[in-house]
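A short worksheet on the structure shown next.
Coordinate-derived values only; no laboratory data. The structure displayed is predicted, hence computed values, not measured ones. Neighbour counts run over all protein chains shown; Cβ positions are idealised from the backbone, glycine included.
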Amino acid sequence: KAGVTQTPRYLIKTRGQQVTLSCSPISGHRSVSWYQQTPGQGLQFLFEYFSETQRNKGNFPGRFSGRQFSNSRSEMNVSTLELGDSALYLCASSLGLAGGTYNEQFFGPGTRLTVL
Amino acid sequence: ELKVEQNPLFLSMQEEKNYTIYCNYSTTSDRLYWYRQDPGKSLESLFVLLSNGAVKQEGRLMASLDTKARLSTLHITAAVHDLSATYFCAVANFGNEKLTFGTGTRLTIIP
């Protein structure tokens, strides 16, 4: 079956602009998580959505937001871009089942965002 | 706050040699993952370890978990060039999809 897809794959923006990234999970997966990867901070968790609700959130400013649609596709938005937002943004999908269940996460190819 | 440390950060090794990457985490966690990342690419899942003493092997890679010591190791046997990549460990708890990643180990295999 098709893997996790992310669009666009590459994006160049200028400071102050906003950006929206999209993630389509594997069919049947209801959980989508987002991560930011930078050389300085490594891989950091942004947030997780399950059934259209944010279920967990990392330590990022309010400029970073997300949402999930009824088909489980997710978008993340970054407003008022800063140079430090340049990063590889990865999303991961899983079944997201709770209650002591292990849910394997599958990562998408990422969106490379460059802020000038 | 959960912290995950990996060492070494960089590892340059010759082909056919053996080496081990270490992953320490600060608080009790339910599962530990190992991922591989090639330059500019996404994360490829290698192993998930769920219980104390768990050992998994795939080809020249073997991962183990000691939950009492909060330590996982990724052992590379008789390294070959195509194992050159960055390796990450990550920990999580059941019922929580959030992964906390280690710093990564950049492995370079020299012919």
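Would you mind classifying segment A:47-88 by shape? Square roots of the alpha carbon gyration tensor eigenvalues, ordered a ≥ b ≥ c; an a/c under 1.5 is rounded, otherwise it is prolate if a/b is larger than b/c and oblate if not.
Because a/c hits 1.5 or more and a/b exceeds b/c, segment A:47-88 counts as prolate.
May I ask you to derive the relative contact order of chain B, considering only C-alpha pairs under 8 Å and at least 6 residues apart, and to give it as an integer percent? Write down the numbers at each step before the final one.
Working: 280 pairs, mean separation 41.0, N = 111.
Once divided by the residue count of chain B, the mean separation gives 37 percent.
Provide A:Val4, B:Val91, A:Val32 in ascending order of the number of other Cβ atoms located within 10 Å of each residue's Cβ, fewest first.
Working: A:Val4 22, B:Val91 25, A:Val32 30.
Placing the least packed residue first, the sequence is A:Val4, B:Val91, A:Val32.
For segment A:78-94, in order, what is each residue's ³J(HN,Hα) by Karplus, 6.51 cos²θ - 1.76 cosθ + 1.60 with θ = phi - 60°, in whole Hz (x at glycine and Pro)?
Coupling constants for segment A:78-94: 10, 9, 6, 4, 10, 4, x, 7, 4, 5, 9, 9, 10, 10, 9, 10, 8 Hz.
Let a ≥ b ≥ c be the square roots of the eigenvalues of the Cα gyration tensor of segment B:6-49; is it rounded (a/c under 1.5), or, if not, prolate (a/b larger than b/c) or oblate? Please report the intermediate quantities before stating the final value.
Working: a/c = 2.03, a/b = 1.35, b/c = 1.51.
Oblate shape, in that a/c is at least 1.5 and b/c is the bigger or equal ratio.
Net charge near A:Asn77: determine it from the other residues with C-beta under 10 Å of the C-beta of A:Asn77, scoring Lys and Arg +1 and Asp and Glu -1. The partial results should precede the final answer.
Details: positive: A:Arg63, A:Arg67; negative: A:Glu75.
With Lys, Arg at +1 and Asp, Glu at -1, the net is +1.
To make sure I understand, if each residue's beta carbon is the centre and we count other beta carbons within 10 Å, what order do B:Thr105, A:Thr7 fall in, fewest to most? Walk me through the numbers on the way to the answer.
Values: B:Thr105 21, A:Thr7 13.
Result, fewest neighbours first: A:Thr7, B:Thr105.
Can you give me the distance in nm between label points at B:Thr73 and B:Leu9, each placed 7 Å from the Cα along the Cα-to-Cβ direction?
Here the answer is 2.4 nm between the modelled labels.
Expressed as a whole number of Å, what is the distance separating the alpha-carbon centroids of segment B:1-62 and segment A:75-96?
24
Over chain A, calculate the relative contact order: mean separation of alpha carbon pairs under 8 Å at least 6 apart, over the residue count, as a percent.
On the way: 295 pairs, mean separation 41.3, N = 116.
Over chain A, the number comes to 36 percent.
Can you work out the FRET efficiency for the pair A:Ala2 and B:Asp38, with r the C-beta to C-beta distance and R0 = 30 Å, to the nearest 0.05?
Numbers: r = 21 Å, r/R0 = 0.69.
The pair A:Ala2/B:Asp38 has a calculated efficiency of 0.90.
How do B:Asp82, B:Asp38, B:Asp30 line up, fewest other C-beta atoms within 10 Å first? Write out the running numbers ahead of the final one.
Values: B:Asp82 9, B:Asp38 12, B:Asp30 15.
Lowest to highest Cβ neighbour count: B:Asp82, B:Asp38, B:Asp30.
Between A:Asn56 and A:Thr80, how high is the FRET efficiency from 1/(1 + (r/R0)^6) when r is the Cβ-Cβ distance and R₀ = 30 Å? Nearest 0.05. Walk me through the numbers before you get to the answer.
Numbers: r = 24 Å, r/R0 = 0.79.
So the FRET efficiency works out to roughly 0.80.
How much FRET efficiency would the formula 1/(1 + (r/R0)^6) give for A:Thr20 and B:Asp82, where r is the Cβ-Cβ distance and R0 is 45 Å, rounded to 0.05?
0.80
Compute, for chain B, the length of the dipole vector about the Cα centre, with Cβ point charges of +1 (Lys, Arg) and -1 (Asp, Glu) only. Units Debye, rounded to 20.
Values: 11 positive and 11 negative charges, 35 e Å.
Using only the charged Cβ atoms, the result is roughly 160 debye.
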